[in-house]
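Engineer: Take a look at this one; I'll ask things after.
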Amino acid sequence: MRLELRGITKRFGALVANDHIDLVVEPGEIHCLLGENGAGKSTLMNVLYGLYDADEGEILLDGEVQDFEGPGDAMNAGIGMVHQHFMLVPVFSVAENVMLGHETTHGPGILDLSAARETVRSTADRFGFHVDPDAVVEDLPVGVQQRVEIIKALSRDAQVLVFDEPTAVLTPQETDELMAIMRQLKDEGKAIVFITHKLREVREVADRITVVRHGKVVGEADPTAPDNELASLMVGRAVQLTVDKQAARHTDNELAVSHLQVATPNGQVVVDDVSFTVRGGEILVIAGVQGNGQTELTEALIGLHPDARGSILLDGSELRGRSVRKVLDAGVGFVPEDRSTDGLVGEFSIAENLILDRTDGAPFVRAGSLQLGLRDEFAREKVDEFDVRTTGIDLPVGRLSGGNQQKVVLAREMSRELRLLVAAQPTRGVDVGSIEFIHQRIVETRDAGIPVIVVSTELDEAVALADRIMVMYRGRVVGIVPADTPRDVLGLMMAGVAPETEGDAA
Amino acid sequence: MSARPGQDPADSAEQPPADDREPVGTTEPGRAEEIEQEKAREGAADDGETDDRWQEAFRRIISGGWAVALGAILLAVIAGSLMIIVTDEAVQEAAGYFFSRPGDTFAAVGEAVGGAYSALFQGAVYNFRADTFAAGIRPLTQTLNNATPLIAAGLGVAIAFRAGLLNIGGQGQMLMSATAAGWVGFGVTGLPFPLHLILALVAGILAGALWAGIAGLLKARTGAHEVIVTIMLNYVALYLLSYFLATPGLMQAPGSANPKTPPTPESAQLPPLLGERYTLHWGFVLALVAVAVVWWILNRSAVGFSYRAVGENPRAARVAGIDVSRSTVSVMLVAGALVGLAGVTQVLGTVTTGFGSDIDAGIGFDAITVALLGNSNPLGVLGAGILFGAFKAGGSAMQAAEGIPIEIVLVVQSLIVLFIAAPPLVRAIFRLPQPGSAPKKKRSKAARKEVSA
Ligand SMILES: Nc1ncnc2c1ncn2[C@@H]1O[C@H](COP(=O)(O)OP(=O)(O)OP(=O)(O)O)[C@@H](O)[C@H]1O
Ligand SMILES: [Mg+2]
């Protein structure tokens, strides 16, 4: 099916998120939509999917003008979408979520769950991944939730498929699988729109590239163009794609974790006897396939698992057993992996979110009272510094584009006086220009003599940022190796194979 | 305001045409310059945008909760009129010969509706038949008197709601606070006026706070659902008070067999606010103070900030170091104190002749409605409380003057809430803009669409 968007314009108040956008996607084509954070990509796709009414313009499928009242119409017309921010019902099972919207019944109103389970299984099989149809969505790791979204989009035999940053939460392996699926779909003659900030992926699958900036189409690009050219097209300026850093200069500050153990409420050990040290002035990247205990490890570090065992010494004082508040007060900055559930209060304004974890005293609270003037001044400063694209600091943070939300979390956590920074997937969903900036800030933090822990599933990022890399597998530390370790060794480590010589490059 | 995507034609001038394959980065000015330019552009745009801004402000007002509240009230009043028309005998009679003299029917309709609402107004705000201004204004003071506990208890429900908790336990909290305040009132003797009053006030408010605090503690510690706990605590409070009232030596008035307490002595009474002539007492001022305090807590204080954070996204709140359990307990204490204030103003101000187990007068439940109508916002609660106080005062006047059943007023009240609960309906009827730019609302629309697809 051929998709054509003509002159799509969408305004949010005074802001023009899409400004007369034209886009054609041919059947059998993977069309990449590139652009910086807040360029209007998701908005355009939401218009296509019937979630927003366009102020101007029309949507054509095979030359026929469509009038979508809502996603139901879009779906029936053959459009499937994988959203940037998941649209799953957390308390439903995978099968129930996939079935939602086109439930099959037998008898009067009795849901045919087994048919739904079958759909999940067959769709998953067809593309070669495994998802338990009966698992409850909220219990699943984000990567698997993403697959559920994909299954949901695929299960309805859509002819036009939109993938809005599906790879932001996927591991490299999962990404490769998804790319294979996309190619398979393309060969079946589907029209595919693919949004991503990762150049590797663009290069790998894109047939055509359209670049959007400030809500407008600013040009097309050639998928074979060199990386820095694509990058500068995306953000409108030259971008440095490598991380610039000097050799680590260690300080006396130190985080020493020993024999840390975390178990889930039902007794499953997810972090198993983990010990490591990070010295001031170095970045330790925790790599590994997602779901191997990295999330729980970082959560335990800031006190979110009160019954963790072992010891966490920061500059000699014990953090384990302290409340989150006390850990933060000890100077720990924490960027959670999932910004929308753990990092931000979506209905709160940008300014409010920027002081979310600083409400226990000066400077933003005096005598129990919020210092609004100070807060707003701080917020304006940070919005500028971190280049958060917004119409104002009073905008609810949930209305920001994904990458800009991430910048708000980072701005908050990196603006406190730190003695330790723990950042899980700090650049998730962020455009190349902002990645450059964020990496720079992380390196600056390290150069200030602070121990830094970064969790990243991106091998490129891990190698670029790290002084040392720690790989986790099934809750255990496989090894801690220098950043220049060959990638195939790292790959093996991620599969649980210990390196031959235990790297002790501390 | 670092960047507003292309609202200015100048934008396109500096960007290459769509078919230009030159990498843009190499031709564009440096980042700092770009920002400067953007700022300059914005500045220029601002002047021409004043109109837009007013439109935007207007749009925000009519798509906000206030417009819906007003619309809901209007719709409910219209529906109430229809019911008055249908039930009015004169109208029925005139309608019997509608086709020979339709004028009669219309006259009767006008009279019925006009009479009803004018009686309602005169019963709730100003009585034009009174000889003096002082007498004429009495209904208004009655309205404010009725509003006092509604405002206080409404605040108690609203603040809990903002923290993500449904406080259905207003009844129990009121009963316990009335018990404590009443007991200090008639049980403690020999204290002089302000001291005795203050002691009773504090005792009552504390009792309300503790009663709600139990629910908060159970929720925080065991995860019990606050709706169930607060409802059950209502029963516990009711039967506890009934038992006290039926037991001589506890709360029952000496020498009486009725389940009723002795009267509140004058030293523990809230003094009249505008002199003996009116029933309005200082409780109303306390309610106003409570409005101000709650406004401050929610909008300006650090605790209120954490309440709201927990209410909106408890997980993010926890990661940000906010103690969710403590916030739950503490907001329930505050909520209970506010509802307690409602109970206290009843026994120390409004019903000083001794009370029974019906002292809550349904206010604990009406408070939920008031909080809902007031959008869980302190000033909204103030307005909603006064409105409901007026309905209460005017309803009986309407019944007395026009023979219109008081139930009509109750129906109107209920309809208001019903319409408030269905904002899209009200918006559609008054052609107010649906909040289309809010993705959340859209998403729920999306979900509905999906389900019905
Ligand atoms: N519901 C909304 N209300 C107000 N503004 C909005 C709303 N949704 C999006 N915006 C604004 O529209 C612009 C475009 O956002 P959009 O989500 O489309 O960006 P994006 O290109 O997908 O960015 P990202 O790469 O970060 O996901 C942003 O400035 C955003 O703040
Ligand atoms: Mg997006």
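The values are calculated or read from the model by the stated rules, or taken from the named source; none is laboratory data. Here the structure is a predicted model, which means the values were calculated and not measured. Using ideal geometry, Cβ is built from the backbone for each residue, glycine included, and neighbour counts are taken over all protein chains shown. Note: accessible area is taken over every heavy atom of the protein model, side chains too, but ligands, DNA and RNA are not part of it. Shrake-Rupley method; radii C 1.70, N 1.55, O 1.52, S 1.80 Å.
Engineer: Only residues that are part of a helix (DSSP H, G or I) and among the β-branched types (Val, Ile, Thr): list them for the stretch A:106-162, please.
Structural biologist: Within the stretch A:106-162, A:Thr119, A:Val120, A:Thr123, A:Val137, A:Val142, A:Val144, A:Val148, A:Ile150, A:Ile151 qualify.
Engineer: Let me confirm something: among A:Leu33, A:Leu44, A:Leu88, which residue is away from ligand 1 (no atom under 16 Å from the Cβ) and either out of contact with any Pro (no Cβ under 8 Å at 6 or more places or on another chain) or modelled with pLDDT under 90 (or both)?
Structural biologist: Only one candidate passes the filter, namely A:Leu88.
Engineer: In this structure, does A:Leu301 turn out to be open to solvent by 50 Å² or more (accessible area, probe 1.4 Å) and among the hydrophobic types (A, V, I, L, M, F, W, C)?
Structural biologist: Details: open to solvent by 50 Å² or more (accessible area, probe 1.4 Å): no; among the hydrophobic types (A, V, I, L, M, F, W, C): yes.
The answer is no for A:Leu301.
Engineer: Then there is this: Any idea how many residues of the stretch A:57-79 are more than 15 Å from A:Leu161 (Cα to Cα), away from ligand 1 (no atom under 16 Å from the Cβ) and open to solvent by 30 Å² or more (accessible area, probe 1.4 Å)?
Structural biologist: 7
Engineer: Exactly one condition in (1) surrounded by 19 or more Cβ atoms within 10 Å (Cβ to Cβ); (2) away from chain B (no Cβ under 12 Å); (3) closer than 26 Å to A:Asp139 by Cα is not met by A:Ser114; state its number.
Structural biologist: Exception for A:Ser114: condition (1).
Engineer: Do we find that A:Thr485 is in contact (Cβ under 8 Å) with a residue 40 or more places away in the chain, of a type in the set (S, T, N, Q) and open to solvent by less than 30 Å² (accessible area, probe 1.4 Å) in this structure?
Structural biologist: No, not satisfied.
Engineer: Pick from the stretch B:253-271 the residues that are touching a strand residue (DSSP E or B) at 6+ places or on another chain (Cβ under 9 Å) and surrounded by 16 or more Cβ atoms within 10 Å (Cβ to Cβ): which of them is nearest to B:Phe161 (Cα to Cα)?
Structural biologist: Top of the filtered list is B:Leu270.
Engineer: Also, I was wondering about something else. Considering every residue within the stretch A:276-297, establish whether at least one is more than 25 Å from the chain's Cα centre (by Cα), closer than 27 Å to A:Gln173 by Cα and surrounded by fewer than 21 Cβ atoms within 10 Å (Cβ to Cβ).
Structural biologist: Checked the stretch A:276-297: at least one residue is more than 25 Å from the chain's Cα centre (by Cα), closer than 27 Å to A:Gln173 by Cα and surrounded by fewer than 21 Cβ atoms within 10 Å (Cβ to Cβ).
Engineer: Looking at A:Ala54 and the list (1) in a loop (DSSP other than H, G, I, E, B); (2) more than 15 Å from ligand 1 (Cβ to nearest atom); (3) among the aliphatic types (A, V, I, L, M); (4) open to solvent by 30 Å² or more (accessible area, probe 1.4 Å), which single condition is not satisfied?
Structural biologist: (2)
Engineer: Which one of A:Ser434, A:Ser415 is open to solvent by less than 20 Å² (accessible area, probe 1.4 Å) and either under 28 Å from A:Leu241 (Cα atoms) or out of contact with any strand residue (DSSP E or B) (no Cβ under 7 Å at 6 or more places or on another chain) (or both)?
Structural biologist: Checking each option against the conditions leaves just A:Ser434.
Engineer: Related question: Tell me which residues, restricted to the stretch A:143-169, are within 16 Å of ligand 1 (Cβ to nearest atom) and within 29 Å of A:Gly293 (Cα to Cα).
Structural biologist: Within the stretch A:143-169, A:Gln146, A:Glu149, A:Phe163, A:Asp164, A:Glu165, A:Pro166, A:Thr167, A:Ala168, A:Val169 qualify.
Engineer: Which condition number does A:Ala225 fail, the rest of (1) of a type outside the set (Ser, Thr, Tyr); (2) free of Cβ contacts under 8 Å to residues at least 24 places away in the same chain; (3) more than 30 Å from A:Thr175 (Cα to Cα) being met?
Structural biologist: A:Ala225 satisfies every listed condition except (3).
Engineer: Is it true that some residue in the stretch B:279-293 is more than 28 Å from B:Gln142 (Cα to Cα) and either in contact with a Cys (Cβ under 7 Å, 6 or more places away or on another chain) or open to solvent by 30 Å² or more (accessible area, probe 1.4 Å) (or both)?
Structural biologist: The answer is no, given that none of the residues of the stretch B:279-293 is more than 28 Å from B:Gln142 (Cα to Cα) and either in contact with a Cys (Cβ under 7 Å, 6 or more places away or on another chain) or open to solvent by 30 Å² or more (accessible area, probe 1.4 Å) (or both).
Engineer: On to the next question. Inside the stretch A:12-43, can you point out the residues that are facing chain B (nearest Cβ under 9 Å) and over 26 Å from the mean Cα position of the chain (by Cα)?
Structural biologist: Those that are facing chain B (nearest Cβ under 9 Å) and over 26 Å from the mean Cα position of the chain (by Cα): A:Gly13, A:Ala14, A:Asp19, A:Asp22.
Engineer: For a quick check of your reading of the model, give me the residue pairs whose first member lies in the stretch A:376-396 and is within 11 Å of another protein chain (Cβ to nearest Cβ), whose second is open to solvent by 30 Å² or more (accessible area, probe 1.4 Å) and basic (Lys, Arg), with beta-carbon atoms closer than 8 Å and at least 6 apart or on different chains.
Structural biologist: A:Ile393/A:Arg380
Engineer: Enumerate the helices (runs of 4 or more DSSP H) found wholly within the stretch B:285-391, keeping only those where 2 or more residues are more than 14 Å from every other protein chain (Cβ to nearest Cβ).
Structural biologist: Numbers: elements: B:302-312, B:314-319, B:324-345, B:363-373.
The qualifying helices (runs of 4 or more DSSP H) are B:324-345, B:363-373.
Engineer: Hey, could you check the stretch A:24-49 for residues that are more than 13 Å from ligand 2 (Cβ to nearest atom), assigned to a strand (DSSP E or B) and in contact (Cβ under 8 Å) with a residue 60 or more places away in the chain and say which is surrounded by the fewest Cβ atoms within 10 Å (Cβ to Cβ)?
Structural biologist: Looking at residues that are more than 13 Å from ligand 2 (Cβ to nearest atom), assigned to a strand (DSSP E or B) and in contact (Cβ under 8 Å) with a residue 60 or more places away in the chain, I get A:Glu29.
Engineer: So B:Ser301 ticks every box in (1) open to solvent by 20 Å² or more (accessible area, probe 1.4 Å); (2) out of contact with any helix residue (DSSP H, G or I) (no Cβ under 6 Å at 6 or more places or on another chain); (3) among the hydroxyl-bearing types (Ser, Thr, Tyr) but one. Which box is left unticked?
Structural biologist: (1)
Engineer: On to the next question. Please pick out the residue among A:Leu88, A:Leu140, A:Leu170 that is open to solvent by 30 Å² or more (accessible area, probe 1.4 Å), aliphatic (A, V, I, L, M) and out of contact with any Phe, Trp or Tyr (no Cβ under 8 Å at 6 or more places or on another chain).
Structural biologist: Numbers: A:Leu88 fails: open to solvent by 30 Å² or more (accessible area, probe 1.4 Å); A:Leu170 fails: open to solvent by 30 Å² or more (accessible area, probe 1.4 Å).
From the options A:Leu88, A:Leu140, A:Leu170, the qualifying one is A:Leu140.
Engineer: Suppose we filter A:Gly143, A:Gly128 for residues that are at positive phi and either among the hydrophobic types (A, V, I, L, M, F, W, C) or more than 16 Å from ligand 2 (Cβ to nearest atom) (or both); which single one remains?
Structural biologist: Values: A:Gly143 fails: at positive phi.
Answer to the selection: A:Gly128.
Engineer: Of everything in the stretch A:212-247, what is more than 7 Å from chain B (Cβ to nearest Cβ), open to solvent by 40 Å² or more (accessible area, probe 1.4 Å) and either within 19 Å of A:Ala464 (Cβ to Cβ) or not polar (S, T, N, Q) (or both)? Give them in sequence order.
Structural biologist: A:Pro226, A:Asp227, A:Asn228, A:Gln240, A:Leu241, A:Thr242, A:Asp244, A:Lys245, A:Gln246, A:Ala247
Engineer: Just the residues that are open to solvent by less than 40 Å² (accessible area, probe 1.4 Å) and away from ligand 1 (no atom under 13 Å from the Cβ), please, taken from the stretch A:9-23.
Structural biologist: A:Leu23
Engineer: If you don't mind, there's one more thing I want to ask. Find the residue count for the stretch A:410-435, including only residues that are more than 13 Å from ligand 1 (Cβ to nearest atom) and of a type in the set (Val, Ile, Thr).
Structural biologist: 1
Engineer: Now for a different question. Working only within the stretch B:108-119, note down all residues that are in contact (Cβ under 8 Å) with a residue 12 or more places away in the chain and open to solvent by 20 Å² or more (accessible area, probe 1.4 Å).
Structural biologist: B:Val109, B:Glu111, B:Val113, B:Tyr117
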